[in-house]
1. Name the residue that is nearest to the other protein chains (Cβ to nearest Cβ), counting only residues in region D:1-36 that are open to solvent by 40 Å² or more (accessible area, probe 1.4 Å) and in a loop (DSSP other than H, G, I, E, B).
2. Please specify each residue of region A:53-71 satisfying the condition of being of a type outside the set (D, E, K, R), open to solvent by 20 Å² or more (accessible area, probe 1.4 Å) and more than 10 Å from chain B (Cβ to nearest Cβ).
3. Could you say whether any residue in region C:67-83 is surrounded by fewer than 12 Cβ atoms within 10 Å (Cβ to Cβ) and under 12 Å from residue C:125 (Cβ atoms)?
4. In region A:4-14, is there at least one residue being within 28 Å of residue B:62 (Cα to Cα) and aliphatic (A, V, I, L, M)?
5. Give me the pairs, please: first residue somewhere in region B:119-135 and farther than 12 Å from residue C:38 by Cα, second residue anywhere and of a type in the set (D, E, K, R) and surrounded by 24 or more Cβ atoms within 10 Å (Cβ to Cβ), beta-carbon distance under 6 Å, and either six or more positions apart or on two chains.
6. From the residues in region C:86-102 that are open to solvent by 20 Å² or more (accessible area, probe 1.4 Å) and of a type outside the set (A, V, I, L, M, F, W, C), which one is nearest to the chain's Cα centre (by Cα)?
7. Where residues in region B:101-124 are open to solvent by 10 Å² or more (accessible area, probe 1.4 Å) and either of a type in the set (A, V, I, L, M) or touching a Pro at 6+ places or on another chain (Cβ under 6 Å) (or both), which of them is nearest to the other protein chains (Cβ to nearest Cβ)?
8. Which of the residues spanning region C:195-222 are assigned to a helix (DSSP H, G or I) and within 16 Å of residue B:127 (Cα to Cα)?
Amino acid sequence: MTIGSMLGDIVNSFFKRPATGRYPFVRTEAPEDLRGKVVWNPETCTGCGLCVKDCPSQALELFTLDKAAKRYVMLYHMDCCTYCAQCEVSCRSKSIYLTNDEWELASTSRTPFEVYYGREEDVQKVLEPEPQGEPDLSPESKTE
Amino acid sequence: MGAEKKPEKFVVSIGPQHPALKEPGHFEFAVEGEIVTSATARLGFVHRGMEKGTESRTWVQNLYLMERVCGICSAVHAMAYAQGVEKLAKVEVPPRARAIRQLIAELERIHSHLLWLGVAAHEGGFDTLFMLSWRDRETVMDLLEAITGNRVNYSANVLGGVKIDIDEVKSAAILKGMDFLEERTRHYMKVVTEDETFLGRTRKIGTMTLEQALRLGSVGPTGRASGVPYDVRVDAPYAAYQDFPVNIVTDTAGDLEARFVVRIKELYESYRVIRELVDHMPAGELTTRIPRRIQEGEVVSRVEAPRGELFYFLKSNGTDMPERIKVRTPSLCNWGSILATAVGHRLADMPMILAGIDPCFSCNDRMILVKRGNDQTVWTWEDLRRYGIEYYK
Amino acid sequence: MNLSLSPLVELLFFPGGLVLLASGLVYEFVDRKLVARFQNRIGPRWFQPLADVIKLLAKEEVIPAGVVKGLFIFLPIVALTSILTAALYVPMFGLKPAFSFPGDLVVTVYLLSLMTLCIGLAGANTEDRFSLVGATRALTQMFSYEAPFLLALLGPAIALGTWNIGQINSAAGNNLWFIIAQPFGFIAAVIGLMGKLELPPFDAPEAETEIVAGALTEYSGRGLALFRIGRDVELVIGLTLIASFYLGGLANPLDFLWKTLILLLVTAALQSLFARLRIDQTVGLWWRIGSIMVLLQLLAVVVGRLIAPLIPFLSSGG
Amino acid sequence: MDIDQKLQAGAEIVKEWVISTSNPEVNRVDLVVAPENLKKAVAAMLDSQWGYLSAITGLDHPEYLTDETGVKKVDPDRGNLELLYHFSGGAAVLTLRVTLPYSEAVIDSICDIDMAAQLYEREAAELFGIEFRGAPSTDHLVLPDDWPVGVYPLRKAFTGLKKES
């Protein structure tokens, strides 16, 4: 039976560095294995679409420009991503993986969260489809 | 109280925007002076229709949906679901994956119990204990972040195993964290069992006898504090609990103090079993292959969540989407105990009694699908505003 | 101590009025910062209380249905006015009280309780359940701590034979500090002040986890801002009173600063040390322990005064 | 503790009402009972202290229509609902199953013998549209107060509310 059994704690705390931080002004390092932004490598992708199919939050869209030449473009909705890494598990060619940078997701518009991956000319093609010769889009990846 | 017109019943309604619990739930306490004479509850404010939602998602996608039933005990939901699917598909998970699953589940239990300790202290107006226990909880949060990559919704499980591995560096970090937490927890045990002012708020408050607890179907630490000897980890070992067993912790007092004591003693058990797991982690594969289409069948999957027995019923119709997934969360079992023990106590004790079962509203309530993707109906700010105006007309 | 200012300046700027309000905000900041440091947090930045007040003043004041409108608007003003008036009789900042007459101690204590009364009335005025419960609790609590607090302040007054705050202040400096002569009185006064300000562990009337904001739940905007400033100033006045009575008087601003800050450190530590007491526990504590303690103390003072002429040593303390 | 013995002991308690038995998993036994006998069976299970009521699961088994274009669709009017009363005793799980046709989705409430069942029953009542005779409360538990009458979200026929306006 005691009164004020946390006296030691408060005296200690008083002289210790605060446990809280001034977050936006002072940032802490993220751990090595943090799950951050998804990165996709167009060179190794086989276009199987398993990552798109398994994504629980439909954050990935894959545009197939030319299946034979393996020309694909990936649209990654960063704001929808839940960083579960299922795409990384599902991918057989190891062309999609999570990095440990970019984990502060705050913006006043959605545009910065629409990340396109792929060869530059392919991305251009997806963004501005030519009137004729529209790229052949695979069924699970319609444009918005 | 002249403003109250009806003299017979003075009802204090708390919620849905609850001052104490940061989740929506509605309670009505009829009071005479400060003494509560009856209590009712209304839930469902965060019903998200998850059970319906599972029927239109694949088995793989559902893993992450189920993980989001609850933000605090996410790993056990994913684990219960994954184990159920693996049973349906008749797939054996490698021992190392099972051990890692148990490790994550136990780390999560530590985080959940420490969180509860802080919340309960806050309800009792003991903000220093709240702040300091949450400060120490950061240790386990950081560990989980370092191991899995996420601070909440760890997504460590995958159908057929786990995604993450434990290496030397992480093992050392876990052991160091456990030593620190054990020392702190022993101190908190002293605080909650010896501090006179805090005991005044917990001892002999919200007492539930063994008979009551059995009749009301209490599970988890709430039930065990009244002497109900249920613990799925012991009764029906899953993951690696067969090889790394835990001891069941019970108390007989059944009051709030006993709930503190049981949870803190469970923390000791968790520290012990985590050390064993890290020291004797079996070697081997992390995953095993699992088909995308799950054969027809029905299974029951039970795990011990930090709050008590978590019950999953899964039914497959042979396709890549489930026929029915039923989730019965532990908080649902424990509501009865609040409403029954509230009567006769003071209004001031209600937050403590409510918090005593460690309620989790999102666990209870599982609707409302926010559609997104190809057929998305994204609500703009203007839509939301118009909806708000319409609604309150 | 010997400065003399024109009454208008005294009322509006110094030591009344603006400076008093500013010091209230500063002391609130110090209190919050100290509690935060005791809890190992960083705590608010220096302008936080001011920012809060400005925000509240700028906000729309919502007058809920079912209240007596005049009373609703009038009560915060009465509360703040009474507190500001009380400040005039207290040696704020270690200066001579702006006004003084024999027996102003009783008036000051009365003015200080007007704040709680106003809060109680404000709660009872609305139809909100939380406010009603908060108001009952605030008034219940007031009846329990008021007597011990007053008795605790009377201890030095009786010992020195005057009920004038200014005289007590100057006399206290020339005597043995009353914290040593009347330790029980000091404890009762500090705890009584915490009860008055509804600081933890005596914050049952505004327990945010049970009844939201207690009696002031329905208040927003200007009314809430006035109540908050009132409470901040009450904190400064209370600290000044206790420091001048028990810590050897306040002879100059420096004296004032270090004595009140030490007191604030103690109250901040007490705030972070305990769990909130239920209202029945608070009342029980005060009547069972607080009152008896202070009454015994008072008895000792009276006996001491009677036998003081016989033993010269005791005459200094009582 | 032997799970088989435990399961057998459980099945023994309610055997007079059992219509058929199956073992879907090693630690489970499923016993089909008639709706009118369910309450008696539950009471017997609870009295025997074999275990505790873990959950009540609702299932929907609709009948399907095939329209002229050959598309299979759920018939909203014909079909069966099934209620599963799961009892847990240690590692063993005993399930009492009752089947209720859409046209007569009524069953006795067991709230008076097991208070904990109230929330499970109310959930099943709202989401599947099963009426529990003698239930202490029929207020909405999980669905919004303005939810339309006669719409049961967990039935297969439910695909979403139509947007008003």
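The values are calculated or read from the model by the stated rules, or taken from the named source; none is laboratory data. What you see is a predicted model, and the numbers here were worked out from it, not measured in a lab. Here the Cβ positions follow ideal geometry from the backbone for every residue, glycine too, while neighbour counts run over all protein chains shown. To get the accessible areas, we keep the full protein, side chains included, count just its heavy atoms, and leave off ligands, DNA and RNA. Shrake-Rupley method; radii C 1.70, N 1.55, O 1.52, S 1.80 Å.
1. Only one residue fits best here, namely D:24.
2. A:65, A:68, A:69
3. Scanning region C:67-83, I find at least one residue that is surrounded by fewer than 12 Cβ atoms within 10 Å (Cβ to Cβ) and under 12 Å from residue C:125 (Cβ atoms), so the answer is yes.
4. Taking region A:4-14 as the starting set, the residues that turn out to be within 28 Å of residue B:62 (Cα to Cα) are none.
No - not one qualifying residue is present in region A:4-14.
5. Correct list of pairs: B:124/B:201; B:125/C:276.
6. It comes out as C:89.
7. Applying the filter and picking the extreme gives B:119.
8. Matches in region C:195-222: C:204, C:206, C:208, C:209, C:210.
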